[in-house]
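In what follows, a single structure is set out as structure tokens and then discussed.
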Amino acid sequence: QVQLVESGGGLVQAGDSLRLSCAASGRTFSSYSMGWFRQAPGKEREFVAVVSWSGGRTNYADSVKGRFTISRDNDKRTVFLQMTSLTPENTAVYYCAAGRSSNSYSASEYYYWGQGTQVTVSS
């Protein structure tokens, strides 16, 4: 089993930046593409970004492209989500997940999930 623990969430103001981290343990972290999803109250969990196991391929939801950056450090078994120009619409619980490939955009294509970290953006 792969254990994933997110951190770095918090309360920020619109326009601020925030970096989320997801620390992995257990089976080989570098074997998986790693994704970030988010879920706001009353909303479905939605795809945010994914990075391949090598770190060489990334994909983003259109809503965050150009503002969010996903990266990974396999030596540290950590994946990051750098978020800039945050807006209240970005308020959600953010989850990291270990998944199938860098073309995996559905939650059903991910095998392991963290417990999430809350990001709240005030106006």
query = Under 9 Å by Cβ, and 6 or more places apart or on different chains, what pairs join a residue from segment 94-123 that is open to solvent by 50 Å² or more (accessible area, probe 1.4 Å) with one that is at pLDDT below 95 and among the charged types (D, E, K, R)?
reply = Tyr111/Arg100
key: Unmet requirement for Gly10, which otherwise passes all of (1) open to solvent by less than 40 Å² (accessible area, probe 1.4 Å); (2) touching a strand residue (DSSP E or B) at 6+ places or on another chain (Cβ under 6 Å)   = (2)
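Here is a check on your reading of the model: is Thr69 in contact with a helix residue (DSSP H, G or I) (Cβ under 9 Å, 6 or more places away or on another chain), under 18 Å from Gly8 (Cβ atoms), open to solvent by 40 Å² or more (accessible area, probe 1.4 Å) and assigned to a strand (DSSP E or B)?
no
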ask   = Could you say whether any residue in segment 39-49 is modelled with pLDDT under 95, assigned to a loop (DSSP other than H, G, I, E, B) and over 29 Å from Ser122 (Cβ atoms)?
value = no
ask   = What single numbered condition from (1) closer than 22 Å to Val121 by Cα; (2) of a type in the set (Val, Ile, Thr); (3) open to solvent by less than 40 Å² (accessible area, probe 1.4 Å) fails to hold for Thr78?
value = (1)
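The values are calculated or read from the model by the stated rules, or taken from the named source; none is laboratory data. Here the structure is a predicted model, which is why all the values come from computation and not from measurement. Methodologically, a virtual Cβ is constructed for each residue, glycine included, from the backbone with ideal geometry; neighbour enumeration extends over all protein chains shown. Note: areas computed on protein heavy atoms with side chains; ligands, DNA, RNA excluded. Shrake-Rupley method; radii C 1.70, N 1.55, O 1.52, S 1.80 Å.
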